Amino acid sequence: MSLHSPHPLDIHIGQRLRLRRKTMGMSQAVLGKEVAVTFQQIQKYELGTNSITCRIKQFKNPSTVFVSLVASKRNFAAVSCSRHSAA
């Protein structure tokens, strides 16, 4: 896997995030505001472009939408967050 290619777990969680957000009738802007990130960042998480697994603990209010869709903690160990340390 390339250093810049999305991790399959990020893609999976991003897809689940988008589905859950839409099911709740929530825009990317509203969700972004609730977890204190921009709607562009939510968009990147949903596409798997940016790693949500490395950032989820940093969200202002992660329980809002993410509780129902986050994989178990052991799956997060599979993702290397070192590529995101400078971001």
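List pairs: first in the stretch 13-28 and farther than 18 Å from THR49 by Cα, second among the aliphatic types (A, V, I, L, M), Cβ under 7 Å, 6+ apart or cross-chain?
ARG20/VAL65; ARG20/LEU69; MET24/VAL65
For the stretch 23-32, what are the residues that are surrounded by fewer than 16 Cβ atoms within 10 Å (Cβ to Cβ), in a helix (DSSP H, G or I) and not aliphatic (A, V, I, L, M)?
THR23
With the condition kept exactly as written, say whether any residue in the stretch 64-75 is surrounded by 13 or more Cβ atoms within 10 Å (Cβ to Cβ), of a type in the set (D, E, K, R) and modelled with pLDDT under 75.
No, the stretch 64-75 contains no residue that is surrounded by 13 or more Cβ atoms within 10 Å (Cβ to Cβ), of a type in the set (D, E, K, R) and modelled with pLDDT under 75.
Looking at the stretch 10-22, can you tell me whether even one residue there is part of a loop (DSSP other than H, G, I, E, B) and either crowded, with 18+ Cβ neighbours inside 10 Å or modelled with pLDDT of 70 or more (or both)?
Within the stretch 10-22 (the criterion being part of a loop (DSSP other than H, G, I, E, B) and either crowded, with 18+ Cβ neighbours inside 10 Å or modelled with pLDDT of 70 or more (or both)), the answer is no, since none of the residues qualifies.
With the requirement that a residue be assigned to a helix (DSSP H, G or I) and either touching a strand residue (DSSP E or B) at 6+ places or on another chain (Cβ under 6 Å) or farther than 15 Å from ARG20 by Cα (or both), what does the stretch 36-49 give you?
If the condition is that a residue be assigned to a helix (DSSP H, G or I) and either touching a strand residue (DSSP E or B) at 6+ places or on another chain (Cβ under 6 Å) or farther than 15 Å from ARG20 by Cα (or both), then PHE39, GLN40, GLN41, LYS44 are the ones that fit.
The values are calculated or read from the model by the stated rules, or taken from the named source; none is laboratory data. Just so it is clear, the structure is predicted and the values come from calculations on it, not from any experiment. Cβ sites come from the backbone with ideal geometry, for glycine too, and all protein chains shown count toward neighbours.
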